[in-house]
1. What do you reckon, is Ser37 within 13 Å of the ligand (Cβ to nearest atom), hydroxyl-bearing (Ser, Thr, Tyr) and either modelled with pLDDT of 95 or more or surrounded by 22 or more Cβ atoms within 10 Å (Cβ to Cβ) (or both)?
2. Being touching a helix residue (DSSP H, G or I) at 6+ places or on another chain (Cβ under 9 Å) and under 27 Å from Ala169 (Cβ atoms) is the filter here; which residues of region 29-56 pass it?
3. For Ala136, indicate whether it is closer than 19 Å to Lys16 by Cβ, within 14 Å of the ligand (Cβ to nearest atom), part of a helix (DSSP H, G or I) and at pLDDT 95 or above.
4. What about Arg31, is it under 19 Å from Arg197 (Cα atoms) and within 16 Å of the ligand (Cβ to nearest atom)?
5. Please give the number of the condition Arg183 fails out of (1) farther than 24 Å from Leu5 by Cβ; (2) within 15 Å of the chain's Cα centre (by Cα); (3) basic (Lys, Arg).
6. Would you confirm whether or not region 69-89 contains a residue that is in contact (Cβ under 8 Å) with a residue 60 or more places away in the chain, surrounded by 14 or more Cβ atoms within 10 Å (Cβ to Cβ), under 25 Å from Tyr179 (Cβ atoms) and out of contact with any Gly (no Cβ under 9 Å at 6 or more places or on another chain)?
7. Residue pairs, Cβ under 8 Å, 6 or more apart or interchain, first in region 111-137 and farther than 18 Å from Gly212 by Cβ, second aromatic (Phe, Trp, Tyr). List them.
8. Which of the residues spanning region 47-61 are surrounded by fewer than 17 Cβ atoms within 10 Å (Cβ to Cβ) and more than 14 Å from His8 (Cβ to Cβ)?
Amino acid sequence: MSLTLYSHPFSSYCQKVLVALYENDVEFEYRTLEDPSAMEELRVRWPFARFPVLVDDGQTVVESTIIIEHLMLRHGGRVRWLPEDPVAALEVRFLDRFFDNDVMAAMSKPVFAAIKQDTARKDEAMVEARRALDLAYGWLEQRLQGRTWAAGENLSLADCAAAPSLFYADWVHEIADAYPAVRAYRSRLLAWPAFARAVDEARPFRGYFPLGAPDRD
Ligand SMILES: N[C@@H](CCC(=O)N[C@@H](CS)C(=O)NCC(=O)O)C(=O)O
């Protein structure tokens with residue numbers, strides 16, 4: 001059995017998968033996309049060239065959520081990323097979609113505009129991101145009441161998605177004091193050893209953050 005992950009340490013979607021691998025001590029070969037030959041291999045596997053991409057005994061698996069489900073089904077480990085009860089699993093799947101669609105996507109727009117050096121679009125995207133992220137923080141503030149992790153007392157796929165999305169969202173539009181539960185949840189995620197490891201591995205690449213990485217975390 002051989003597992004290879006095409007990944008970049010600074011990529012939010014890669015971090016989402018890395019925490020699942022690290023938490024369950026799953027062994028894999030890390031093909032860092034800092035290496036141009038790894039990028040070439042990735043393109044052959046997945047012509048859209050989005051990452052992460054997992055290769056499991058020759059089978060290409062794409063999409064961070066599907067990779068995590070694949071790891072759970074094929075490689076097991078301490079933490080089940082989705083509850084066995086299919087109805088309980090629905091909430092976890094929904095929260096995974098919320099973090100990808102309403103936090104990660106909102107945070108990414110000004111980041112992509114800044115990468116393209118499109119100043120006008122970046123300013124417009126920042127206004128949209130602040131509005132969208134405040135909606136997301138406000139909704140999450142209520143949802144997190146009485147919970148340790150996104151879906152309750154157990155770690156899940158939703159926390160894998162939440163960790164990098166809230167990490168970077170706070171860099172784009174800081175989570176205000178008006179959202180204490182969201183701020184505390186982000187701090188718990190940063191203290192989660194699997195995510196702390198991913199954050200540490202990404203430190204050397206902070207200069208890549210096109211809006212300027214803040215001096216914290
Ligand atoms: N829905 C995909 C999104 C992956 C994604 O957009 N990854 C970014 C890196 S964080 C990427 O590949 N960017 C390069 C590109 O879009 O060309 C997933 O969950 O894996």
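The values are calculated or read from the model by the stated rules, or taken from the named source; none is laboratory data. These numbers were taken from a predicted model, which means no experiment stands behind them. Reconstructed Cβ throughout: ideal geometry from the backbone, glycine too, with neighbour counts over all protein chains shown.
1. Details: within 13 Å of the ligand (Cβ to nearest atom): no; hydroxyl-bearing (Ser, Thr, Tyr): yes; either modelled with pLDDT of 95 or more or surrounded by 22 or more Cβ atoms within 10 Å (Cβ to Cβ) (or both): yes.
It is false that Ser37 is within 13 Å of the ligand (Cβ to nearest atom), hydroxyl-bearing (Ser, Thr, Tyr) and either modelled with pLDDT of 95 or more or surrounded by 22 or more Cβ atoms within 10 Å (Cβ to Cβ) (or both).
2. Correct list: Tyr30, Thr32, Leu33, Glu34, Ala49, Arg50, Phe51, Pro52, Val53, Leu54.
3. Values: closer than 19 Å to Lys16 by Cβ: yes; within 14 Å of the ligand (Cβ to nearest atom): no; part of a helix (DSSP H, G or I): yes; at pLDDT 95 or above: yes.
No, not satisfied.
4. Numbers: under 19 Å from Arg197 (Cα atoms): yes; within 16 Å of the ligand (Cβ to nearest atom): yes.
When the stated conditions are applied, Arg31 passes them.
5. For Arg183, the exception is condition (2).
6. Taking every residue of region 69-89 in turn, none turns out to be in contact (Cβ under 8 Å) with a residue 60 or more places away in the chain, surrounded by 14 or more Cβ atoms within 10 Å (Cβ to Cβ), under 25 Å from Tyr179 (Cβ atoms) and out of contact with any Gly (no Cβ under 9 Å at 6 or more places or on another chain).
7. Pairs found: Ala136/Phe98; Tyr137/Tyr179.
8. Pass one, region 47-61, residues surrounded by fewer than 17 Cβ atoms within 10 Å (Cβ to Cβ): 47-50, 57-60.
Of everything in region 47-61, those that are surrounded by fewer than 17 Cβ atoms within 10 Å (Cβ to Cβ) and more than 14 Å from His8 (Cβ to Cβ) turn out to be Pro47, Phe48, Asp57, Gly58, Gln59, Thr60.
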